[in-house]
Structures are given as structure tokens and as C-alpha cells.
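The values are calculated or read from the model by the stated rules, or taken from the named source; none is laboratory data. Computed from a predicted model, the values in this text were never measured in an experiment. Cβ sites come from the backbone with ideal geometry, for glycine too, and all protein chains shown count toward neighbours. Remember, those area values only see protein heavy atoms, side chains included, never the ligands or the DNA or RNA. Shrake-Rupley method; radii C 1.70, N 1.55, O 1.52, S 1.80 Å.
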Amino acid sequence: MTPTSADPTIRQLQELFDRVPHTIPVHVFVDPVRSPENTRLADDFMATVTGITPKIVFHRHEGIDDTARRLGIDRTPALAIAPERAHIRYFGLPLGEESRTFIEVALLLGAGKDGLSAQSRKILDRIPGPKRIRVFVSLTCPYCPQQALHALRAAIAAPDRIHTEIIDIQWNQDLAERYGAYSVPQTYADEALIGQGAQAEELFFASLEAGAPQQIFIPESDAEEVRTDLVIVGAGPAGLTAGIYAARSGLTTAIIERGPLGGQVATTPVVENYPGLSRVPGKTLVDIMVAHALEYVPIFPHEEVLAIAAGSPWTVRTTRRRFFTRAVLLATGARYRRLDVPGETRLAGRGVSYCSTCDGPLYQGKRAIVVGGGNSAVTEALHLKHIGVDVTLVHRRDRLRAHDHLVRALEHEAIPVRWNSQVVEILGQEKVTGVVLADTGTNATSQVASDAVFIAVGYDPETTLARQLGLRLDDNGFIAHDGAQRTSLPGIYVAGDVAGGFRQIVTATGAGAAAALTIAQDLTTAMPTEH
Ligand code: NAP
């Protein structure tokens with residue numbers, strides 16, 4: 001499809017590229033004889049991009065020619081972007097979610113910038129080279145662009161020391177097998193695993209420096225300072241809606257998010273109960289919400305809140321800067337629940353997955369088990385079936401708790417269900433080969449062969465910051481509030497799944513709006529704080 005400048009997103013992209021001073025050469029390697037379908041995809045991709053901007057200049061290569069060899073490219077389809085300026089390779093085509101990273105990296109190279117925070121650049125400056133970063137991604141994984149961008153920016157910032165390869169797992173199953181990358185994103189520096197999942201930017205650089213995944217990052221004391229009326233922690237539906245309402249109420253507001261924007265919704269294959277949109281991919285709904293929120297409020301992505309200190313104003317310390325704020329809204333959502341059975345941790349990323357949207361494509365034509373009986377499990381099972389995975393649902397009871405509509409869809413698709421069955425062990429050495437099921441009535445065990453296990457057994461509230469602050473939690477571990485989203489600590493508010501309740505997108509957005517209106521009311525009746 002040829003892009004038209006009537007589309008506002010395309011127009012915006014054109015304007016952005018119009019402003020960059022440099023052209024960006026991109027070498028594309030295809031093999032029309034052996035892979036005509038991939039070649040067609042690559043040609044369509046080049047035509048689409050060329051229709052958006054003349055600043056990206058493609059050089060099309062057929063087969064592994066001298067340029068390919070010089071650039072270290074031994075397979076197709078593949079891309080090398082501005083090879084004179086940075087060592088950046090894509091193995092596979094940057095379509096789907098990865099089209100974002102391609103556009104972003106082209107804009108950075110075109111502008112002669114690297115887009116890194118000062119904190120990250122300091123760590124990068126300490127890292128000796130050369131280092132080869134490999135980020136394994138899939139085109140449907142909403143977590144992947146965040147991680148890929150860290151590695152791409154590193155390659156732009158340190159062209160002599162950092163080589164970055166973005167490797168699509170479907171196009172490069174042999175590499176995925178060699179590295180054991182059955183879950184994405186997965187990141188290696190040389191041969192060491194440095195990240196499983198998406199990391200906040202500075203944590204990525206700390207992991208790159210350490211050569212192993214890091215959990216904690218302490219920013220330098222000269223971190224930037226920002227003053228606001230309200231800091232919202234979390235950019236899921238609750239946080240994004242609160243941002244819109246707070247800004248419209250006149251509060252200077254910032255939203256901070258460590259993971260993918262949109263929270264759980266970003267990885268929901270399809271949403272069918274958000275009023276006004278009868279059937280929409282979760283990621284699309286997120287994109288619409290984020291674009292709307294950005295009209296009102298800045299979002300600080302890839303940044304993690306480390307601590308919140310009481311005072312007037314409150315201090316919110318992140319991996320990158322310090323915010324001084326009159327109020328804080330916790331919209332931190334929930335973390336997926338684990339089964340806690342043998343094999344789950346060992347085989348995480350090797351067939352054990354919590355995200356069918358991200359990892360499902362690797363199992364097309366293979367067998368997978370989905371564990372759980374709620375809306376998530378059924379939605380994931382349906383998604384996997386639709387993309388061609390041979391899927392079986394395993395549930396510990398004899399009936400599902402998922403909504404009727406989803407249960408009927410499951411029956412309609414004739415997805416087999418193992419009732420009254422609990423997964424007690426996940427089997428496999430290098431990767432998942434099956435599970436051991438126990439019958440919940442008789443305790444009898446049986447083995448079921450499977451290439452993957454998708455775990456969808458619910459979510460636990462993300463209350464780390466709430467616990468640090470000593471907020472009152474309810475009996476189920478959710479943050480307690482007064483009905484108007486005020487927590488037990490004046491100045492701290494809550495909205496969304498971390499507060500429990502029905503845990504629907506629409507209830508999260510409702511609570512986000514209510515929280516922002518309460519905060520606006522409280523702050524206008526309170527004395528202004530001296531910043
Ligand atoms: P959920 O509703 O809490 O369901 C979790 C499922 O996992 C239950 O069936 C539960 O079994 C099972 N389970 C829990 N622990 C287990 C264990 N250790 N071993 C085996 N099975 C276990 O979680 P969810 O499906 O992730 O949904 C979370 C929230 O998001 C819900 O409020 C849901 O309505 C909402 N959601 C809505 C939609 C939608 O409306 N389309 C889509 C996704 C999620 P039991 O049934 O025996 O307890």
C-alpha cells in the first residue's frame with residue numbers, strides 16, 4: 001500500500017524526516033530465487049518507506065555479494081543501516097512492531113543524535129569494546145522495540161565499540177535455537193545473556209557493563225530535577241487516562257513507565273469489550289491511548305521509579321532523574337503470576353512464556369499448552385490457535401471462569417481442554433518438551449508432550465512502591481483506598497489493577513479519571529507547595 005500524506009501519522013513522519021539534515025543509506029539484502037516471498041515483503045517495505053521520505057536511500061542487493069561480505073551479512077533477508085556511521089544490522093525485516101525501531105534509528109542517524117540519557121551515556125563511556133549486542137525479537141512483540149532501541153542507540157553512540165544485531169526469531173530460527181532464545185526480547189552481549197524481557201534504559205546499560213542482567217540501578221547524584229504537581233507511576237490505561245484528566249484540570253503532570261506503554265493491554269491479542277471499539281488488538285488500543293495522552297502530558301518511558309520520599313514536595317527518584325511533586329498517583333498495575341513448579345524458572349524463555357503475542361509466532365505448526373481458566377488464558381489460547389499453533393488448554397477445575405463469550409469461542413474453535421488438571425512440572429533440558437499433569441481428583445500423574453507452555457494464571461498487584469511507603473493494603477494485597485482513590489497516606493493516590501476491583505480496561509480508565517479529579521480537587525483546596 002502506498003502511504004498517503006492525508007494520513008496524519010504519515011504526515012507527521014514526513015515532517016520529522018524533512019527536518020533531519022542527513023540522508024540515511026540502507027542496504028537491503030534479499031534472495032529472489034530462494035525466497036521470493038521475503039523479497040516481495042522487502043520490496044514492499046522499501047516502496048512504503050520511500051513513499052514516506054526521500055531521506056532514506058535504499059541499496060538493494062541480491063544474494064550475498066561483496067558488500068554483504070564486507071558488512072558481515074551471511075543471510076537474507078537482512079539490512080545494514082548507514083554502515084559508514086554505525087554497526088547496525090537487522091536479520092529479518094523490520095516490519096510490525098520493529099518498524100518503530102527502524103524509523104526511530106533512521107531519524108536519529110539522520111539527525112546525527114543517539115537519543116541516550118546522560119546517565120546511560122556515562123555508563124557506555126566506561127564500557128570497553130568491541131561488544132556485539134544481539135537482541136532477539138518478534139514482529140508481534142510490543143516489549144521488543146524498547147529493548148532493541150537501547151541496543152541501537154548504543155551502536156549509534158559508540159560506533160567503534162558497539163555492534164548491534166536485531167534478530168527476528170521467526171526468520172532466524174537457527175540463531176534462536178543456538179542462543180536458546182525462545183522468548184523475546186532476549187539480549188546477549190557477545191555470548192552472555194544480559195537481559196530477558198525489556199529493561200529500563202539505564203538497567204540495560206548497567207547489564208551491558210556487568211555482562212549479566214542487573215536489577216538495581218542507582219543514578220548519579222547530579223541527575224536532572226523536574227518539578228510537577230503530579231507524578232503518575234505507570235502508563236497503563238489508568239495512568240494514561242489520569243494524565244489526560246489531570247492536565248486538563250490544570251495540573252502539571254508527568255507519567256513515568258519502566259515497561260511497555262499500555263501495561264497488560266499492550267500484550268492482549270484482542271480486546272472486544274472496550275466501548276466504541278468492538279474488536280481491536282490490545283497494542284492498537286494502547287497506541288490510540290498513548291497518542292491521546294501525549295497531546296496533554298509528557299510520558300517518560302524506559303524509566304523506573306526507585307523510591308518515593310515523603311516531604312513537601314514529595315521526591316520521586318527514578319533511574320534517570322528526580323521529580324519534586326505535590327502528589328503521586330500509583331497506577332502500577334499487576335505482574336503476571338507464576339505457577340511456581342519445577343522447570344518454570346529454568347525453562348523461562350526456552351518454551352515457558354507469559355506472552356503469546358510476543359512468543360506465539362515461534363510455535364506455528366508446533367504444540368503448545370496454555371495454563372489457566374480465566375479471560376487471559378482463553379484469549380491467549382484463541383490467539384495461538386488463530387496463528388496456527390496446535391494448542392491445548394489445561395485448567396485445574398471443571399469449568400472456566402472466563403466470560404461466556406470467550407468460552408463459546410473456545411468451543412467453536414474446538415480447542416481441547418484438559419479439565420481438573422494441574423501442571424506440576426515442566427519438562428525439558430535445553431527447551432520445553434512437555435509437562436507433567438496431576439489429576440486434581442485422583443492425584444494420578446501423566447505426561448503431555450508440548451513445545452511450549454504459556455502461563456496465564458492471573459496477575460498479582462505490583463505493590464513494591466506501596467510497601468516501601470507503608471500504604472495500607474486490603475486483605476487480597478491490593479492498595480486500599482477511600483472510594484475516591486486516596487490511599488492511607490495523604491498525597492498518594494491509586495488507580496487501576498493495583499487497587500483490585502473488576503480489573504477491566506474500562507474500569508481502569510474510569511478509576512484513572514476519578515483519581516485525577518480527586519487530586520485536582522485536593523490540590524486546589526490545599527496550600528500551594530513552594531518548589
Ligand atoms: P484470573 O481471572 O484471575 O484467572 C486466573 C486463572 O488461572 C483462573 O482460572 C485460576 O483458576 C487459574 N489459576 C490461578 N492460579 C493457578 C495455579 N497456581 N495453577 C493453575 N491455575 C491457576 O486472571 P486473568 O485471566 O489473567 O484475568 C485477570 C483480570 O483481567 C480479570 O479481572 C479478567 O476479567 C481481566 N481480563 C479481562 C479480559 C477481557 O475482558 N476480555 C481479558 C483478559 C483479562 P481458578 O479458576 O481455579 O481460580
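With a cut-off of 11 Å between beta carbons, the residues surrounding S183 carry a summed charge of +1, where Lys and Arg count +1 and Asp and Glu -1. Length, then width, then depth: along the principal axes, the Cα atoms of region 438-531 run 66, 27, 26 Å. Looking at region 364-492, the DSSP beta bridges with both ends there are about 50 percent antiparallel.
Note on the chain: Cα Rg divided by 2.2 N^0.38 Å, N the number of residues, gives 0.99. Dividing the Cα radius of gyration of region 382-480 by 2.2 N^0.38 Å, with N the residue count, gives 1.39. Other residues lying with their Cβ under 14 Å from the Cβ of H383 contribute a combined charge of -2, Lys and Arg counting +1, Asp and Glu -1.
Given +1 on the Cβ of Lys and Arg, -1 on the Cβ of Asp and Glu, and no further charges, what dipole in debye does region 257-327 carry about its Cα centre, rounded to the nearest 20?
Roughly 320 debye for region 257-327.
For the chain, the share of accessible area belonging to carbon and sulfur comes to 50 percent (1.4 Å probe, ligands and nucleic acids excluded).
Over the chain, give the accessible area per residue in Å² for a 1.4 Å probe, as an integer. Don't skip to the answer; put the middle values down first.
On the way: 22890 Å² over 531 residues.
Accessible surface, normalised per residue, equals 43 Å².
Taking a straight Cα-Cα cut-off under 30 Å and skipping sequence neighbours fewer than 8 places away in the same chain, the lysines within cross-link reach of K122 are K113, K131. Taking label positions 7 Å along the Cα-Cβ direction at both D190 and R367, the computed distance is 4.0 nm, reported to one decimal.
For the chain, a simple Cβ point-charge model (Lys and Arg +1, Asp and Glu -1, everything else neutral) yields a dipole of about 320 debye relative to the Cα centre.
Note on R401 and R121: their simple-model spin labels are 5.0 nm apart, each label 7 Å out from Cα toward Cβ.
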